[in-house]
Amino acid sequence: MQPLGKAASDDDRPLIERVRRGDQDAARILYERYFDRIYNYVYARLGRAEDAEDLAIDTMTRSLTRLDLFRDQGVAFSSWVYRIAHNATIDHYRRQGKAILVPLESATVPVSADPSELAVDQLSNDDLREALRALTDEQQQVLILRFFQDLTAAQAARIMGKSVGAVQALQHRALGSLERVLHGRTNN
Amino acid sequence: MTPEVQRLERLAERLRSVDPVMPSPGAKIRGWNLVLAAVEQSASGRSRSHPVRRLVLAAVAAAVLLVGGAVAASADSLPDSALYPLKAVVENVRGALAFSPSDKFAYHLDLARTRLTEAEAMIARHRLDLAGQALSGLNDQLNQAALVVQAEQLSDPALAASLENRLVQAIAMHDQQLAGLQGQVTNPAAIAAITQARDRAAQALQTAAKPTSSDGGKPSTTSSDKGPGNGASATPHTTPKH
């Protein structure tokens, strides 16, 4: 998965214009550029490959067929796509009637020599993904964008509609919450 | 730095190292087919001045609905799937409905991308025989696209230049993907197949740049032509067979 740099966002503009004129090649390039990232983002939220596929496809369809709603006025296309993915995820939760949380009971969190500390390096990827889903919506979003998607605080701020400072504060709280969730697993 | 900040920094670093979860190649193909259909529908809705195109799209849509679930399921099938031959039929229908040079060109480029995605999937599944066929199909489609460009050089040089530019971009993108793929495989046969595919893709550019012969504007042939049915028209596709 390619990192989402500023250059990629800038490169989107001529492609967007071509898609508006019906150019399928340009649509394909944007699809290739974003599909994996969006799939990864949605999967991190839901934890189910089938749902992640459906929502990633839905997100790309909406993004590339509703370009008349997208106006490049300070908001990058990438931010717009992530917002669509986020809204699709929220809609999915609503349709399900509740948040789909993968049960943590199945996770096994390693204990450090010092009981007050997590053995972070020994945590499995699945443990981390599952623990992350126990956080609030915004906390999940900020950690996924910053660490799974490797976005800068400024990019995450644009996607979340917050200031950079607010994102940094939220990130700090989210990491603290994640640590507590993982500790809870250790102590249970 | 306080102990709490240090702990959270370590946790953040650990999160950064979590491997990304990627979609399956089949899901990616299925997604593109659905997105492409939506984009085409969206474009046709905007394009009120092209009634013939709308009629063709309506006919294609009706045909797709009539053929039903099997065809839909075949759209994202891969070369090792039982539904793959049906995909070939659908692609042939699409080719038959591509009348203008631009449509033919787009058709061949689209199939080239599909073949490349299939090749990636087959390599991931260690089906090197099918991967080789898909790569061969990729090159055939690029060559067909190049022949469309070549055929337009006399009749519409501006269009030919535009198409050639798109072909250059497409081949560059394919080459980038193939290079990435080449870096991931270790099997010598797979590496050789990918190398050959990259070379043949580059040859397609030379074909596009060649002047057409003067005998009625027919495109000149290249060493990679395979005989009848491989001309500039929207000929039946070259989906690799099992």
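Brief remarks on what is shown
- Listed by first and then second residue, the pairs with beta-carbon distance under 7 Å, at least 6 apart or on different chains, first residue in the range B:16-44 and in a loop (DSSP other than H, G, I, E, B), second surrounded by fewer than 19 Cβ atoms within 10 Å (Cβ to Cβ) and not aliphatic (A, V, I, L, M), are B:18/A:125; B:19/A:125; B:22/A:36; B:23/A:36.
- Top-ranked residue of the range B:172-191 - restricted to ones that are open to solvent by less than 60 Å² (accessible area, probe 1.4 Å) and more than 12 Å from chain A (Cβ to nearest Cβ), ranked as modelled with the lowest pLDDT: B:185
- Here residue A:28 meets the list (1) closer than 19 Å to residue A:66 by Cβ; (2) more than 9 Å from chain B (Cβ to nearest Cβ); (3) charged (D, E, K, R) almost entirely, failing just condition (2).
- Test for residue A:132: is it closer than 18 Å to residue B:17 by Cα and either open to solvent by 10 Å² or more (accessible area, probe 1.4 Å) or touching a residue at least 60 places away in the same chain (Cβ under 8 Å) (or both): yes
- Qualifying residue in the range B:151-164 (condition: within 18 Å of residue B:196 (Cα to Cα) and in a helix (DSSP H, G or I)): no
- Selection from the range A:135-170 of residues that are in a helix (DSSP H, G or I), open to solvent by 30 Å² or more (accessible area, probe 1.4 Å) and within 9 Å of chain B (Cβ to nearest Cβ): A:146
- Residue within the range A:53-71 that is modelled with pLDDT of 90 or more, under 19 Å from residue A:145 (Cα atoms) and of a type in the set (Ser, Thr, Tyr) present: yes
- Pairs meeting the criteria (first residue in the range A:39-65 and at the interface with chain B (Cβ under 7 Å from one of its Cβ atoms) and closer than 13 Å to residue B:28 by Cβ, second residue of a type in the set (A, V, I, L, M) and assigned to a helix (DSSP H, G or I), beta carbons under 6 Å, at least 6 apart or on different chains) are A:39/A:52; A:39/A:56; A:53/B:27; A:56/A:38; A:56/A:42; A:57/B:34; A:60/B:35.
- Residue within the range A:75-82 that is surrounded by 14 or more Cβ atoms within 10 Å (Cβ to Cβ), modelled with pLDDT under 85 and not basic (Lys, Arg) present: yes
- Pairs are defined by a Cβ separation below 8 Å, a sequence spacing of at least 6 or placement on different chains, a first member in the range A:152-163 that is under 11 Å from residue A:80 (Cα atoms), and a second member that is buried (at least 19 other Cβ atoms within 10 Å of the Cβ) and β-branched (Val, Ile, Thr); the pairs so defined are A:160/A:142; A:160/A:167.
- Candidate set from the range B:14-30 (those that are at the interface with another protein chain (Cβ under 8 Å from one of its Cβ atoms) and over 32 Å from the mean Cα position of the chain (by Cα)); member that is farthest from residue A:50 (Cα to Cα): B:14
The values are calculated or read from the model by the stated rules, or taken from the named source; none is laboratory data. Worth saying up front: this structure is predicted, and the values here are computed from it rather than measured. Cβ atoms come from the backbone with ideal geometry, glycine included; neighbour counts cover every protein chain shown. Heavy atoms of the whole protein, side chains included, go into the accessibility calculation; ligands, DNA and RNA do not. Shrake-Rupley method; radii C 1.70, N 1.55, O 1.52, S 1.80 Å.
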